[in-house]
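The values are calculated or read from the model by the stated rules, or taken from the named source; none is laboratory data. Predicted model, so just to flag it, every value in this text is computed and none were measured. Cβ coordinates were reconstructed from backbone atoms using ideal geometry, including for glycine residues, and neighbour counts include every protein chain displayed. Heads up: the accessible areas ignore ligands, DNA and RNA and are worked out on the full protein's heavy atoms, side chains in. Shrake-Rupley method; radii C 1.70, N 1.55, O 1.52, S 1.80 Å.
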Amino acid sequence: MSADILQPAKAGPAISVIIPTYNRSSFIGEAIDSVLRQTFGDFELIVIDDGSTDGTGEIVRGFEDNRLLFIQQKNAGRSAARNRAIEIARGRYIAFLDSDDTYLQDKLERQVEFMEKHPEIGMIYTSAKCIDAEGNILKNHVYIASVSGQIYHQVAFFRPVTITLPTVMLRREVLDTVGGFDEEMERFEDTDLWRRVSKRYEVGALTYSTCLLRTHDDNTLRTQNPVKIANAIEYYVEKIFREDADMDSDFLKEGASRLYEYYGLAFMTVPAWRRQGLTLLRKSVEFSPKRFGAIAVTAGIATMRTLKNALSKQFRRKTA
């Protein structure tokens, strides 16, 4: 494991911004530039190259800024990369950015100002706009920071409120208390962290958009592995039932049901994934049978007739 440090960052920055990256030579330069151009300048930027095999490293080395710390490591996954950065981060606040997204210019300034005025808040998130691969704004594709305070129930299953990682800033002591990212998770690792934070701390929200989130070929649903997604859902649901057993069981069951429903319906839009989609919808109904009618309205009668038959067969096997 090798480290390539461009220049030492100055001591005691207010913020540590963390960017993990893997084969993002097309976008990493824009991501870094969006941080270095912030109106609030008291930060360190930690870029962890998680084993890239393209020109990512050369692009990062092309930046000359003493706030930038560049570390290269063998591929270990984005959660491991973020956790390594957290370990060495020196800021009072921790912020994140994915290497294909960008900050708007006053992102850090607005969030630090809010956190300084609200010492009771452990974490803040904001709204965000979506862009395509070329940077064009996608109309009607926005994430809205709509709730604040004690918001565990709204964010634990990322439905109805989705907190996008690049918009987040936390106090360092919050991460010290709840821990970092679960390195066993290939998906939902950010939602898992927000769940743990929101269970213990108040969360602030800014409706102002501070980030541009990029949609491109590598991060669309159709380019993912449906089996890995299904396994990730199962892992997260099992984890939340285990760690949050002190929460209302009906809430947990309905939350799991909605999570399975969300991805089941998404899978049904991809013809080759319909079988996996039906399996996820079946699990959704198993967690909350009372929601069968609502799911039927959304999924369509033909799909739900198939699902009803599958549930009937499963019931007969269990009672045989």
Exactly one of ARG200, ARG214 is of a type in the set (Lys, Arg), in contact (Cβ under 8 Å) with a residue 60 or more places away in the chain, open to solvent by less than 20 Å² (accessible area, probe 1.4 Å) and closer than 30 Å to ASP106 by Cβ, and that one is ARG214
Expected single match for in contact with a Leu (Cβ under 9 Å, 6 or more places away or on another chain), open to solvent by less than 10 Å² (accessible area, probe 1.4 Å) and modelled with pLDDT under 95 among ILE233, ILE295 is ILE295
- prompt: Being outside any helix (DSSP H, G or I), of a type in the set (S, T, N, Q) and in contact with a helix residue (DSSP H, G or I) (Cβ under 7 Å, 6 or more places away or on another chain), is that true of even one residue in region 98-115?
  reply: yes
Filtering region 69-97 for residues that are among the hydroxyl-bearing types (Ser, Thr, Tyr) and in a strand (DSSP E or B) leaves a count of 1
Going through (1) modelled with pLDDT of 95 or more; (2) surrounded by fewer than 16 Cβ atoms within 10 Å (Cβ to Cβ); (3) out of contact with any Gly (no Cβ under 8 Å at 6 or more places or on another chain) one by one, THR21 fails only at (2)
Within region 29-70, of all residues that are in contact with an Asp or Glu (Cβ under 9 Å, 6 or more places away or on another chain) and among the aromatic types (Phe, Trp, Tyr), the one least open to solvent (accessible area, probe 1.4 Å) is PHE70
In region 138-176, residues that are over 12 Å from the mean Cα position of the chain (by Cα) and of a type in the set (S, T, N, Q) total 5
When restricted to LEU97, LEU138, LEU108, LEU165, the only residue touching a strand residue (DSSP E or B) at 6+ places or on another chain (Cβ under 7 Å) and open to solvent by 10 Å² or more (accessible area, probe 1.4 Å) is LEU138
query: Going by the conditions given, is LEU281 assigned to a helix (DSSP H, G or I) and surrounded by 20 or more Cβ atoms within 10 Å (Cβ to Cβ)?
result: yes
Margin query: Against the definition (in contact (Cβ under 8 Å) with a residue 60 or more places away in the chain and either in contact with a Ser or Thr (Cβ under 6 Å, 6 or more places away or on another chain) or buried (at least 19 other Cβ atoms within 10 Å of the Cβ) (or both)), how does THR191 come out, yes or no?
Written below: no
